[in-house]
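Okay, structure first, notes after.
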Amino acid sequence: NKARGIGISSAFALRALLRSLAGITLPYGGESVFMSASEEQAEHIITYIAEYWRQIKDIREISNSVSVMRSGKGFYSFSNNTSIFSIPNKPAAMRTYHGELYLDEFAHYQSTDKAVMTASTGIISLGGSIIPFSTPFGERGEFFRLWKKDKRYRKMKLPYTVCKRPAY
């Protein structure tokens, strides 16, 4: 649960990139998958990855050991067999990925939240993890249910006051 404009999507993009560069993989894959509420938001994640990669690749130790093998609309693949994907909210598309799943602005998804959670069970069953994060969107949907009623997960509340720059 977070305030708008505090940079969480960007921070998770950096986390995914650093995990890829460090070669951190799960038993069945080294993928970080971002699912966003819209195509435009999915493109923003890849923009963050591209900018962070541009800044990090100048560090000698990293640039000599890991390189980008392929990149394109919605993905980066690295020479150490890790990848980052960013897709819009299409639960059926998730079934082919393994690794970490970031649900960006989960409360705002247009498709049924239950379908997203059902499609992601493959990720969990293979040792992956799901990280939903979102600004609130009223007392409805799967994000609200997870936030208020499900006690199995660690939750973090990030108000606008944690941000050094003006958040909205």
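Worth pointing out:
- The set of residues in region 117-151 that are over 15 Å from the mean Cα position of the chain (by Cα) and hydroxyl-bearing (Ser, Thr, Tyr) comprises Thr118, Thr121, Ser125.
- Any helices (runs of 4 or more DSSP H) falling wholly within region 22-111 and containing at least 3 residues that are surrounded by fewer than 14 Cβ atoms within 10 Å (Cβ to Cβ) and at pLDDT below 85: 60-65
- Residues that are surrounded by 10 or more Cβ atoms within 10 Å (Cβ to Cβ), at pLDDT below 75 and hydroxyl-bearing (Ser, Thr, Tyr) within region 132-168 comprise Tyr153, Tyr160, listed in sequence order.
The values are calculated or read from the model by the stated rules, or taken from the named source; none is laboratory data. Predicted model only: the values in this text are computed from it and were never measured. Heads up, the Cβs are rebuilt from the backbone with ideal geometry, glycines too, and the neighbour counts pull from every protein chain shown.
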